[in-house]
Amino acid sequence: MSPTSASDAVKTPPSRRLKEAPRHLPIKWGGDKKRVRLALTGSTTFCPSKFRATRRPGGKISNVIGQRLEVRQGQGLVITPQLQQAIKLLQLSNLELEDFVEAELERNPLLQREEPEGDAPEPVERVEAPADGEMSFGDGVGHEAVSGMDAGSDDVYGDAAPGERTSDRMTDEAQPGLSDWSSAGKGGQMFEGEGERPDAHELTLWEHLQAQASSAGLTPADHGIALTLIDATDEGGYLRGELTEFADRLGVPLARIEAVLSVCHGFEPTGIMARSVPECLKLQLIERNRFDPAMAALLDNLDLLAKRDLAGLRRVCEVDGEDLTDMIAELRALTPRPGAGFGGEPAQTVVPDVHVRPDPAGGWRVELNADTLPRLLVDKRYHGLVQAGARSDTEKTFVADCAAQANWLVKSLDQRAKTILKVSSEIVRQQDAFLAFGVEFLRPLNLKTVADAIGMHESTVSRVTSNKYIATPRGVFELKFFFTAAIQSVDGASTHSAEAVRHKIKSMIDSEGVEGDVLSDDRIVEILKETGIDIARRTVAKYREALRIPSSVERRRMMKTG
């Protein structure tokens, strides 16, 4: 340091020296050096090990040890257990709700079922039809939903059309209207009853195979191998898994697994426990004594048969056109899924939660299905007796908790029913044209539109429409079916429902056989644009594949082969 700078440092006041000092100062504390970061705009900073450095006027730094209690105020969303249960009740199906109520009846002694007294009127929403033909609700529509049931939008469904997300628990026979639109534009019949669940036990495929394995004369060890293979057979009758994996797991040679499988191939139905479609058809042809080199070549080239490449099949099978036609006819007489004829898991009949019927005065009547609404009561008389007999604090707490839980459940079930009715009524109001004229008049609809109309959150509407079904004159539908994506029109002034566009595509392709012309995807796009629907070719291809309709090339081959 130069003499001038040294004299300046001596004459500089202490406060100025502190301001010009480095921001990190070494301070001795307990024998260790700790670096303290001084904030130039503040008077206090915090250091490790409950060490605090304070800058006092005059530039002196004092070391202080101590504890400090701070009180901070903030806002946060706390979801109570009861609110979580209320949200869960909204998204339960009627079958799941019945199981939940049964569990609560067993757990809570203060709950009891309400015995029906005659035919009590159920809550009904009426949709009026004014003179101008537009659907509107009366003033008595509003059932206010509990706002606490609204939550965040993390579980709100995306832009995918819910009509494509049909429940896997339903078969095509159990969901009229969801897959068959043959009568959608011509009106439908009113629903009468919901069917009955079969009580008789059907013999399953696995029970049928196990019975045959027991009478096949196998050794105990081979019988165990056979049971292992039977357990690995799927509902279609195919063996799933590699034989080497079974051999390693059971600790037996691969040849022994193959020998037991050969015995199992002789079980009924023929073709059971095959590992592929060609092997399944081969077993059936061997039983009919129709398996020859030409048929073996045909089974090895089923991909050519799927493409209707008859010229290629004649070449690889070395037969003429007449013989090839006979061979294909024999294949069509076989069963590619030999296990499909046996009963599997009992199918659950879809019971709608809401009924929609035409109102004689005009419009539609929206009613809750009374059979799916649990009727619960709180037994206040028994509550009084138990409460009077409670001695210890534990007993009193238990009785109080049971009473609170029972009252909450009864209230939540009532609110759930009102919320379902309110959402369903708004859906009917939005989709009244579909109910009146058919699927071609289905309107684009999303969760936000319904939520804004009834004053709820989108997540609440999503939960209400999950696993809920509505019975209409045109069939039974999942509530999410009515939420479809929008496709822009050519002029941009209106939109079309994606489900309605899919129906138009299916109708055009179904009429190909009558008109004698096969429509390509490009031609379908042109026809739709002529009707005012602006759609891309890839979208048409996606909808066609979703409907399981082959391409125009494959359809043309099918028409040529008859």
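Within the stretch 390-400, how many residues turn out to be more than 41 Å from the chain's Cα centre (by Cα) and either at pLDDT 85 or above or not assigned by TED's automatic domain parsing to the domain that holds Asn108 (or both)? Number satisfying all stated conditions: 5. Does the stretch 450-457 contain any residue that is within 29 Å of Asp99 (Cβ to Cβ) and modelled with pLDDT under 85? Scanning the stretch 450-457, I find no residue that is within 29 Å of Asp99 (Cβ to Cβ) and modelled with pLDDT under 85, so the answer is no. One residue stands out in the stretch 252-299 among those that are in contact with a strand residue (DSSP E or B) (Cβ under 7 Å, 6 or more places away or on another chain) and not basic (Lys, Arg): the one that is nearest to Gln210 (Cα to Cα), namely Met273.
Only one of the listed residues (Ala471, Ala390, Ala400, Ala406) is within 30 Å of Pro81 (Cβ to Cβ), surrounded by 18 or more Cβ atoms within 10 Å (Cβ to Cβ) and of a type in the set (A, V, I, L, M, F, W, C). That residue is Ala406. Among the residues of the stretch 365-379, those identified as modelled with pLDDT of 90 or more and either in a strand (DSSP E or B) or of a type in the set (Phe, Trp, Tyr) (or both) are Arg365, Val366, Glu367, Leu368. Of the conditions (1) more than 30 Å from Ala232 (Cα to Cα); (2) under 35 Å from the mean Cα position of the chain (by Cα), Arg315 satisfies every one except a single condition; which number is it? In the conditions (1) more than 30 Å from Ala232 (Cα to Cα); (2) under 35 Å from the mean Cα position of the chain (by Cα), Arg315 misses (2) alone. Kindly check whether there is at least one residue in the stretch 477-499 that is without any contact (Cβ under 8 Å) to a residue 40 or more places away in the chain, of a type in the set (Ser, Thr, Tyr), within 18 Å of Phe434 (Cβ to Cβ) and surrounded by fewer than 22 Cβ atoms within 10 Å (Cβ to Cβ). Yes.
Could you check the stretch 399-416 and list, in sequence order, the residues that are among the small types (Gly, Ala, Ser) and in contact with a strand residue (DSSP E or B) (Cβ under 9 Å, 6 or more places away or on another chain)? Steps first, answer last, please.
Filtering the stretch 399-416 down to residues among the small types (Gly, Ala, Ser) leaves 400, 403-404, 406, 412.
Ala403, Ala406, listed by residue number.
When you check Ser425 against the structure, is it under 26 Å from the mean Cα position of the chain (by Cα) and either over 30 Å from Ile524 (Cβ atoms) or of a type outside the set (Phe, Trp, Tyr) (or both), yes or no? So Ser425 fits the description; yes. In the stretch 91-110, the residues that are assigned by TED's automatic domain parsing to the domain that holds Ile420 reach residues that are acidic (Asp, Glu) with C-beta atoms within less than 7 angstrom, at least six apart or across chains, in these pairs: Asn94/Asp353; Leu110/Asp379.
Of the residues screened, Gln85 is not one that is modelled with pLDDT of 85 or more and either at negative phi or of a type outside the set (Gly, Ala, Ser) (or both).
The values are calculated or read from the model by the stated rules, or taken from the named source; none is laboratory data. What you see is a predicted model, and the numbers here were worked out from it, not measured in a lab. So basically every Cβ, Gly included, is an ideal-geometry build from the backbone, and we count neighbours across all protein chains shown.
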